[in-house]
1. Given the options Arg42, Arg22, name the one that is open to solvent by 50 Å² or more (accessible area, probe 1.4 Å) and more than 21 Å from Glu74 (Cβ to Cβ).
2. State whether the residues of the stretch 45-54 include one that is more than 9 Å from the chain's Cα centre (by Cα) and under 15 Å from Phe71 (Cβ atoms).
3. Starting from the stretch 32-54, take each residue that is free of Cβ contacts under 8 Å to residues at least 40 places away in the same chain and at negative phi and list its partners that are surrounded by 13 or more Cβ atoms within 10 Å (Cβ to Cβ) and of a type in the set (D, E, K, R), counting only C-beta distances under 9 angstrom and pairs at least six apart or across chains.
4. Are any residues in the stretch 53-93 open to solvent by 20 Å² or more (accessible area, probe 1.4 Å), touching a helix residue (DSSP H, G or I) at 6+ places or on another chain (Cβ under 9 Å) and at pLDDT 90 or above, and if so, which ones?
5. So Tyr29 fits all but one of (1) out of contact with any strand residue (DSSP E or B) (no Cβ under 6 Å at 6 or more places or on another chain); (2) aromatic (Phe, Trp, Tyr); (3) open to solvent by less than 40 Å² (accessible area, probe 1.4 Å); what number is the exception?
6. Give Arg30, Arg13, Arg43 a once-over and let me know the one that is assigned to a helix (DSSP H, G or I) and either touching a Lys or Arg at 6+ places or on another chain (Cβ under 9 Å) or of a type outside the set (A, V, I, L, M) (or both).
Amino acid sequence: MPVEQQEAVETIRVQLNFPLERVKEPIVYRLVKDFDLVPNIRRANIDPHIGGFVFLELTGSSAQLRRAIEFLKEQGITVSTIGVNGAEEWVVG
């Protein structure tokens, strides 16, 4: 794709809450492979018996990010946006 037609790259910060039935699936891998995103795992706590959460920075085009978030929601993963392009501090509760 010519440079002038490429979408701008942005980074969003999200918290993903995994239900028990999704903790053993390679979700972050799918974000990389299927949506061409660059993840940066900032914090995670996954327990195969109760579920878990991951705090991520995801970098890609806005279209890629939108499609990936829709995919996550379809998988039953709760997605909470924390900030865009580092504009907000991490809120870790």
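1. Arg42
2. No: the stretch 45-54 contains no residue that is more than 9 Å from the chain's Cα centre (by Cα) and under 15 Å from Phe71 (Cβ atoms).
3. Asp34/Arg67; Phe35/Arg67; Val38/Glu57; Pro39/Glu57; Asn40/Glu57; Ile41/Glu57; Val54/Arg42
4. Thr59, Gln64, Arg67, Gln75, Gly76, Thr78, Val79
5. Single failed check for Tyr29: (3).
6. Arg30
The values are calculated or read from the model by the stated rules, or taken from the named source; none is laboratory data. Note that the structure is predicted; figures quoted are calculated from it, not measured. Glycine also receives a Cβ, built like all others from the backbone with ideal geometry; neighbour counts cover every protein chain displayed. In case anyone asks, the SASA skips ligands and DNA or RNA and just uses the protein heavy atoms, side chains included. Shrake-Rupley method; radii C 1.70, N 1.55, O 1.52, S 1.80 Å.
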